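Here the structure is laid out as structure tokens; the discussion comes afterwards.
Read the figures in this text as sums done on the coordinates, not as results from a lab. The structure presented is a predicted model; accordingly, all values stated were derived computationally and were not measured. Heads up, the Cβs are rebuilt from the backbone with ideal geometry, glycines too, and the neighbour counts pull from every protein chain shown.
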Number of protein chains: 2
Amino acid sequence: MRDTPRPDFDLDAFMPYLLNQAAEHVSLGFAATYKADYGLTRTQWRVMANLGRFGAMNAAEICRISHIEKTRVSRAVAQLEAEGYLTRARASDDRRREDLALTEAGRAVFVALGARGMAYQADMAARIGPERFAALEEGLRALIAAYGTSADD
Amino acid sequence: MRDTPRPDFDLDAFMPYLLNQAAEHVSLGFAATYKADYGLTRTQWRVMANLGRFGAMNAAEICRISHIEKTRVSRAVAQLEAEGYLTRARASDDRRREDLALTEAGRAVFVALGARGMAYQADMAARIGPERFAALEEGLRALIAAYGTSADD
DNA sequence: TGTTATTCGTTGCAAATGCAACTATGTCAA
DNA sequence: TTGACATAGTTGCATTTGCAACGAATAACA
């Protein structure tokens, strides 16, 4: 009586569970880098990474691209500005908007962390094998495409 | 001057980023189910899923298996007990330990959500194709194995 | 033009979280 | 036995988070 008349559901093979496990393990590994060396939170790093990769944009665009909640972005931006990593400027054509751009210091951090990120990525590929890595990437993209566009984009 | 003299780092191909995106999309989809219908948080659901799948065990074991922080487990367990989904019993051989087990009500929720989970999973596989789905699963397992065991297990 | 709806970003507040400190129990060895 | 150390689980506290409500600016349109 102590054991379930067990249904077929197996947590070990449940994709949301696997995704979370993998994401957590992998993210924590890299998070240690930018946390220890630059005092950045995950959200702060992601905001910087988007600005670094895609150029200046406003907060709402970052939300749309990264699917980070807008409150979180708002606070991350405030902190990044306080630390001199980005600047905000009211858009002249629409004064609700604030154009965000990395400062030189911010760009430098982005470049440095980008290099670390690529090294981390290479290590990952080596650990599980390049073919598996490629297949994984493709699967993740498919998933994001399948669920991202329909829901909230 | 507004655009980065861009380094090679490409956020779109950064695995931790892809993993987080995918995990978030997919998890939120399923989370809506157990949140809306049973008022469960993600941690609560995961605790129940572990108990349902692996049978009675104590909180520390749940921590080890699921990699959830022990404070979080402690609080989830307290809430689940308050709602009648599980029982705690001091282990007779070691009175520090508390054996946790799902109640009938808890088991019923686990079974119901398990069924939903399988349906959700089937939908995912259909959306991206079974081969990709299988490859994705294999890659995720490899990643978890590669990073999980070394770090904190 | 005036009225209503929408969008951008911030803030208040309650809930969730992480970390360290703590209690209680158990282990090991002198 | 005693004392040092380890483990199970809880609690205090500061930080982070999500959601809803908000003010300001703009769009849409009668």
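Miscellaneous remarks
- When the residues of the stretch A:31-78 are filtered to those that are over 23 Å from residue A:119 (Cα atoms), assigned to a helix (DSSP H, G or I) and near DNA strand D (Cβ under 10 Å from one of its atoms), the one that is nearest to the other protein chains (Cβ to nearest Cβ) is A:72.
- If you go through the stretch A:77-109 and keep only what is within 9 Å of DNA strand C (Cβ to nearest atom) and either under 17 Å from residue A:41 (Cα atoms) or in contact (Cβ under 8 Å) with a residue 40 or more places away in the chain (or both), you end up with A:77, A:78, A:81, A:98, A:99, A:100.
- Flag if residue B:87 is of a type in the set (Val, Ile, Thr), farther than 20 Å from residue A:17 by Cβ and within 14 Å of DNA strand D (Cβ to nearest atom): yes
- For the stretch A:53-60, the count of residues that are among the charged types (D, E, K, R), surrounded by fewer than 23 Cβ atoms within 10 Å (Cβ to Cβ) and within 15 Å of DNA strand C (Cβ to nearest atom) is zero.
- Sole exception among (1) more than 26 Å from residue B:140 (Cβ to Cβ); (2) crowded, with 19+ Cβ neighbours inside 10 Å; (3) within 7 Å of chain A (Cβ to nearest Cβ) for residue B:18, by number: (1)
- So residue A:25, is it without any contact (Cβ under 8 Å) to a residue 12 or more places away in the chain, surrounded by 16 or more Cβ atoms within 10 Å (Cβ to Cβ), within 8 Å of chain B (Cβ to nearest Cβ) and not basic (Lys, Arg): yes
- Only a single criterion out of (1) part of a helix (DSSP H, G or I); (2) under 30 Å from residue A:144 (Cα atoms); (3) within 16 Å of DNA strand C (Cβ to nearest atom) is not satisfied by residue B:133, namely (3).
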